[in-house]
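Colleague: What follows is a structure written as C-alpha cells; I'll ask about it next.
Taken together, the values in this text are just the output of simple stated rules run on the coordinates, not laboratory data. Treat the numbers as computed from the prediction; the structure is a model and nothing was measured. As a convention, Cβ positions derive from the backbone with ideal geometry for all residues, glycine included, and neighbour counts pool all protein chains shown.
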Amino acid sequence: MDVRLAKAEDLGRVNELRKQVNDLHSEGKPDVFKKGFSQELQDYIKVIYNDPEQKIAVAETDGVICGYAVLHHITKPENSVMYVRDYLDIDEFGVDEAFRRQGVASSMIAFIREYAVNNGFHRIELNMWEFNKNALAFYEAAGFSTYRRYMEMFI
Ligand SMILES: CC(C)(COP(=O)(O)OP(=O)(O)OC[C@H]1O[C@@H](n2cnc3c(N)ncnc32)[C@H](O)[C@@H]1OP(=O)(O)O)[C@@H](O)C(=O)NCCC(=O)NCCS
C-alpha cells in the first residue's frame, strides 16, 4: 500500500469516499448533517485541493484509492485567554468500506505523522462525532487522546 498526496485525477474517487463519510454522518447525526452528497459538497474538494493551507492524502492499493484524509494547517493568533495555536488538523478521514480493518487508516496516520514532522508541526488535532464509536476506537488505537468535549441537551 502506498500513501501519498492526491493528484487532480484522484479527486473523483476521493469524492466517492467522502460520500461514504457523509452518509455515515447524516445517518448518525441527522439533526446536523444533510442527507445526500450535493454538487456543492462535491465541488468543494477542488477548493480544498487548490488551498495552499490544505493537503489531501490518499492510500492506494493495487491502483485503487482506498482511503483519504484532508490535512489543514490551522493558525490561531494569541489572544487575552490563549497562546498562539499552530497545528495540523485532520479535517476529513475515511477508508472505503470494502478495505476496512486491513491497516489502511493506520498507514495513513503514519504518513500524516511523517508529513507533520517534515513540515515542522508539533501537534496533530482532529474532531469526531460522539456516535461514531468505530472512529473513536480507531483514533485511540492510533494514539490520539481526547482533550476537549462538546456537550448538548435537547429541550
Ligand atoms: C475509522 C476508520 C477510518 C478505520 O479505518 P481502518 O482502515 O479500518 O483502520 P485500521 O485497519 O488501520 O485499524 C487499526 C486498529 O484500529 C482499531 N479499529 C479500527 N476500526 C475499528 C472498529 N470498527 N472497531 C474497533 N476498533 C477498530 C483496531 O484496534 C484496529 O486494529 P485491529 O484491526 O488489528 O484490531 C474506518 O472504519 C472508516 O473509514 N470509518 C468510516 C469513516 C469515519 O468514521 N471516519 C472518521 C470520521 S471523523
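Colleague: DSSP loop (so not H, G, I, E, B), at most 13 other Cβ within 10 Å: list which chymotrypsin sites (Phe, Trp or Tyr not before Pro) in region 77-155 pass both filters.
Modeller: Filter output for region 77-155: 83, 131, 147, 150, 154.
Colleague: Continuing with the same structure: Mind listing the long-range amide H neighbours of residue 86? Cut-off is under 5 Å, sequence gap 5 or more, other chains count too, H placed in the peptide plane at 1.01 Å from N.
Modeller: Amide H neighbours of residue 86, under 5 Å, 5+ apart: 76.
Colleague: Each residue of region 87-99 in order: what ³J(HN,Hα) in whole Hz does its phi give by Karplus 6.51 cos²θ - 1.76 cosθ + 1.60, θ = phi - 60°, with x for Gly and Pro?
Modeller: With the stated coefficients, region 87-99 comes to 7, 9, 9, 8, 7, 9, 7, x, 10, 3, 3, 6, 10 Hz.
Colleague: Over the chain, with a Gaussian network built from C-alpha contacts below 10 Å, which listed residue (29, 19, 76) shows the highest mean-square fluctuation?
Modeller: 76
Colleague: For residue 67, which sequence-distant residues (separation of 5 or more, or a different chain) have an amide H within less than 5 Å of its own amide H, given hydrogens modelled in the peptide plane?
Modeller: 59, 96
Colleague: Show that you can apply the helix-only estimate: for the chain, add -39,500 (n - 2.57) for every DSSP H stretch of four or more residues, divide by all residues, and state [θ] at 222 nm to the nearest 500.
Modeller: -11500 deg cm²/dmol, from helical runs alone.
Colleague: Only four residue types carry charge here, +1 at the Cβ of Lys and Arg and -1 at the Cβ of Asp and Glu. Report the dipole size of the chain about the Cα centre in Debye, rounded to the nearest 20.
Modeller: For the chain, the charge dipole is close to 280 debye.
Colleague: What are the semi-axes of the equivalent ellipsoid of region 1-87, taken as the square roots of 5 times the eigenvalues of the Cα gyration tensor, listed largest first and rounded to whole Å?
Modeller: 26, 20, 12
Colleague: Cut-off is 10 Å between beta-carbons; in what order do 85, 100 appear when sorted fewest neighbours first?
Modeller: Arranged by neighbour count, lowest to highest, 85, 100 become 85, 100.
Colleague: Hey, another quick one. Considering only DSSP beta bridges with both partners in region 2-142, what is the antiparallel share in %, to the nearest 5?
Modeller: The antiparallel fraction comes to roughly 90 percent.
Colleague: Let me ask you something else. Beyond 15 Å, what share of the Cα-Cα pairs of region 98-155 remains, rounded to the nearest whole percent?
Modeller: It works out to 59 percent of all Cα pairs.
Colleague: How would the chain be classified by its alpha-carbon gyration tensor: rounded, prolate or oblate, with rounded meaning a/c under 1.5 and the a/b versus b/c comparison settling the rest?
Modeller: Taking the square roots of the gyration eigenvalues as a ≥ b ≥ c, the chain is rounded.
Colleague: To continue, here is another question. In whole angstrom, note down how far apart the Cα centers of region 27-104 and region 115-134 are.
Modeller: What the calculation gives is 10 Å, centre to centre.
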